[in-house]
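The values are calculated or read from the model by the stated rules, or taken from the named source; none is laboratory data. Here the structure is a predicted model, which is why all the values come from computation and not from measurement. When we count neighbours, we look across all protein chains shown, and the Cβ atoms used for this are built from the backbone with ideal geometry, even at glycine.
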Amino acid sequence: MDKPGSAQSVLEHNRRYIPGGISSVNRNIDPAITFVRGEGAHLWDSEGARYIDYHAGFAPYFLGHNFKPVNNAAAAALASGDSLFGAGPSIAEGRLAELICEHVPHAEKITFLNTGSEATSLAIRIARAVTGRQHVIVMQGGYNGNHDELACNVFNTLAEIGPRVSPGEYPLRPLGAGTTITQTHFTHAVNYNDLESVRYVCRRYPVAALITEPLLQNIGVVKPRPGYLEGLRDLADEFGFLLAFDEVKTGFRHALGGYAELSGVRPDLVVYGKAVANGFPLAAVGGKRDHMDSIIDPDPSRRPFVAGTYNGHPVAVAAAIETVRYLIANRDSLYPRMEMMGAEMEAGIMDIFARRGVTACVARQGSAFSFYLMEKPPADLHDIVAGHDFARDVALRRALIRKGVFFVPIATKQCSLSAAHSDADVRFTLDAFESAVAEVW
Ligand SMILES: Cc1ncc(COP(=O)(O)O)c(C=O)c1O
C-alpha cells in the first residue's frame, strides 16, 4: 500500500474517476510524480523532494512558475470587479491586442482564444475561408494541437512511416481513434526541411494552408536548414496558400516576435500560446490585416466562425498583458541572457558527453534545448528514428530525476530554461548530468 500523498496513491485515487487518472495523456510519465508546488525554476513533489524544472509545464513558463508580477496582475483582475461579461468588447482585450500588434510585426491584427489547439484550428479555418480551398500541409514530426485534422504524424516509428519520402507525402497516422482525418483526405504530412515535398502536394491538391512550427520543438529541437523557411514563403506565393507559423512553443520565448522575427520570414498567419501568458490559458491567432478581417467579411459564406465563451477571459488577458509588458520592458537584457544560459548548458552537456566518450549532440534555440544520442543534430524525424538511442535517453532522464533535475522522462522531449533559472541551477544541473551519464554508460 502506498503512503497517502505518494504519486502512486494519487494516481490510484484519480483512476477511479478519471480514465488513466490524468486529464492529458501527454502528462503520463514513468516514474509517476505528483507535483504540488512550483516557484521560479523549482518544483516540489507530494513527498517533499525538490527539482530544478526543465519541463516548464510543456514550455509556457518562460518567466518561471508563479512569477509574481503576472500572478499579481491576474489577482488584481479577480479583485477588480471585472468579470466574464460575455457581451460587448472588453477594454483589456483591446489593450493586449494593441500591445502585441505594436510590437510583433507579423500580427497586424489578432484575436484571442484559450488554447493552442483552438488557435491552430482557427488559423486553418481562416486560411480555408480566404483561399476557398480545403487541403492543408503539416509536417511529419510537427505538433499543431489536438483536433481532428491536425493531430497526426508527430512521433512515428520507422516501422509506421517507412523510409524517408521525398518528394511525396507520408501515410496519415492519427494521434488517436475517433477522428475524421483519414476520411476527409484533406491533411497531407510531408517531411520537414524538404521543399520538394511541399511542391509535390501543391501540384496535386488545392492547398489552403501550410501550418508548421518554424522549428520543430515537439521532437526535441529540429531547426530549419538555411533557406527552408524562405523557400516555404516562396512556395506559398507561387501556389497561393497561406503560410501559418505555429509559434505556440516558439512565440515570445525566442524573441518578442517569435522565430518569425529571428528568421526574417513573414508568415501570413501566426499562432501564439504558452509563453504569451506565462502559464495562464490564453492563445492567439494573428496575421495580415486582410486575412484576419475575413472574420468580419460581410459575406457570411466567406466568414470563418470565431466564438468561445472564455475567449479573452479577463484573468488570462491580465496575465498576458503583464507578461508581454515585462518582455517588452526587459527584452534587451532578457533574451541575450537566455541565449547565454542556453549556450552554457549546451557547452556543458557537450563537454560531459565528449569526456565520457558518448556519441551525442545538443540542438538548441535560445532557452530551448534537447540532446540526441547521435552524431549530429537531426534535420527531420527520420534522422531521429534512425539514429537516436531512445532507451539510454529515457534512462538518463530518470537518473537526472533521481538527482533532483526534472527532464521529463520521455525520449527527445525538449527542455526549457526560464528567466528564473540561476547560474547556480545550471551548475547543479551539469553536475547532476555528469553523474547521471556515469550511471547510464
Ligand atoms: C507547437 C504547438 N502547437 C499547438 C499546441 C497545442 O496547444 P494546446 O496544448 O494549448 O492546445 C502545442 C502544445 O504543445 C504545441 O507545442
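When region 150-162 is limited to residues that are out of contact with any Phe, Trp or Tyr (no Cβ under 7 Å at 6 or more places or on another chain) and touching a residue at least 60 places away in the same chain (Cβ under 8 Å), the one that is farthest from the ligand (Cβ to nearest atom) turns out to be L158. Annotation: of all residues in region 358-415 being out of contact with any Lys or Arg (no Cβ under 8 Å at 6 or more places or on another chain) and of a type in the set (S, T, Y), the one that is farthest from D30 (Cα to Cα) is T359.
Within region 380-434, being among the small types (G, A, S) and either crowded, with 19+ Cβ neighbours inside 10 Å or over 20 Å from I219 (Cα atoms) (or both) holds for A399, G404, A411, S416, S418, A419, A420, S422, A424, A432. Scanning region 308-354 for residues that are of a type in the set (G, A, S), assigned to a helix (DSSP H, G or I) and under 18 Å from V285 (Cα atoms) turns up A316, A318, A319, A320.
Within region 275-289, count every residue that is out of contact with any strand residue (DSSP E or B) (no Cβ under 8 Å at 6 or more places or on another chain) and either surrounded by 24 or more Cβ atoms within 10 Å (Cβ to Cβ) or without any contact (Cβ under 8 Å) to a residue 40 or more places away in the chain (or both). Before the answer, list the steps.
The first filter runs over region 275-289 and keeps only residues out of contact with any strand residue (DSSP E or B) (no Cβ under 8 Å at 6 or more places or on another chain), leaving 275, 277-278, 280-281.
Cutting the leftovers down to either surrounded by 24 or more Cβ atoms within 10 Å (Cβ to Cβ) or without any contact (Cβ under 8 Å) to a residue 40 or more places away in the chain (or both) gives us 275, 277-278.
Final tally of qualifying residues: 3.
Select, from A73, A107, the only residue that is out of contact with any strand residue (DSSP E or B) (no Cβ under 8 Å at 6 or more places or on another chain) and over 30 Å from P409 (Cβ atoms). The unique qualifying residue is A73.
For beta carbons closer than 8 Å, sequence separation of 6+ or different chains, a first residue in region 118-130 that is touching a residue at least 60 places away in the same chain (Cβ under 8 Å) and a second that is within 12 Å of the ligand (Cβ to nearest atom) and aromatic (F, W, Y), the qualifying pairs are A119/Y272.
Among the conditions (1) away from the ligand (no atom under 12 Å from the Cβ); (2) touching a residue at least 40 places away in the same chain (Cβ under 8 Å), the only one that G142 does not satisfy is (1).
Tell me yes or no: at least one residue of region 266-278 is over 25 Å from P336 (Cα atoms) and polar (S, T, N, Q). Checked region 266-278: no residue is over 25 Å from P336 (Cα atoms) and polar (S, T, N, Q).
So how many residues does region 241-273 have that are assigned to a strand (DSSP E or B), out of contact with any Phe, Trp or Tyr (no Cβ under 6 Å at 6 or more places or on another chain) and within 16 Å of the ligand (Cβ to nearest atom)?
Step one: of region 241-273, the residues assigned to a strand (DSSP E or B) are 242-246, 269-272.
Still in the list and also out of contact with any Phe, Trp or Tyr (no Cβ under 6 Å at 6 or more places or on another chain): 242-246, 269, 271-272.
Still in the list and also within 16 Å of the ligand (Cβ to nearest atom): 243-246, 269, 271-272.
Looking only at that region, the number is 7.
Of all positions in region 92-112, at least one carries a residue that is within 16 Å of the ligand (Cβ to nearest atom) and buried (at least 24 other Cβ atoms within 10 Å of the Cβ).
The requirement of being within 30 Å of L262 (Cα to Cα), crowded, with 19+ Cβ neighbours inside 10 Å and touching a Gly at 6+ places or on another chain (Cβ under 8 Å) is fulfilled nowhere in region 72-84; no residue meets it. Meeting the requirement of 1 or more residues that are among the acidic types (D, E), more than 25 Å from F252 (Cβ to Cβ) and at pLDDT 95 or above, the strands (runs of 3 or more DSSP E) wholly within region 1-70 are 42-45.
Within region 416-441, the set of residues being over 25 Å from N28 (Cβ atoms) and of a type in the set (S, T, N, Q) comprises S422, S435.
Please verify whether S83 is more than 16 Å from the ligand (Cβ to nearest atom), in contact (Cβ under 8 Å) with a residue 24 or more places away in the chain and over 28 Å from R398 (Cβ atoms), treating the condition exactly as stated. Write out each step before concluding.
Working: more than 16 Å from the ligand (Cβ to nearest atom): yes; in contact (Cβ under 8 Å) with a residue 24 or more places away in the chain: yes; over 28 Å from R398 (Cβ atoms): yes.
Here the answer is yes, as S83 does meet what is asked.
Selection over region 274-307 of residues that are closer than 16 Å to H103 by Cβ, of a type in the set (V, I, T) and either away from the ligand (no atom under 16 Å from the Cβ) or not in a helix (DSSP H, G or I) (or both) gives a count of 0.
Report, by residue number, each residue of region 208-228 that is β-branched (V, I, T) and either more than 14 Å from the ligand (Cβ to nearest atom) or out of contact with any Asp or Glu (no Cβ under 7 Å at 6 or more places or on another chain) (or both).
Of all residues in region 208-228, those β-branched (V, I, T) come to 211-212, 219, 221-222.
Answer for region 208-228, where residues must be β-branched (V, I, T) and either more than 14 Å from the ligand (Cβ to nearest atom) or out of contact with any Asp or Glu (no Cβ under 7 Å at 6 or more places or on another chain) (or both): I219, V221.
Every test in (1) within 16 Å of the ligand (Cβ to nearest atom); (2) of a type outside the set (G, A, S); (3) crowded, with 18+ Cβ neighbours inside 10 Å; (4) at negative phi is passed by H147 save one, and that test is (3).
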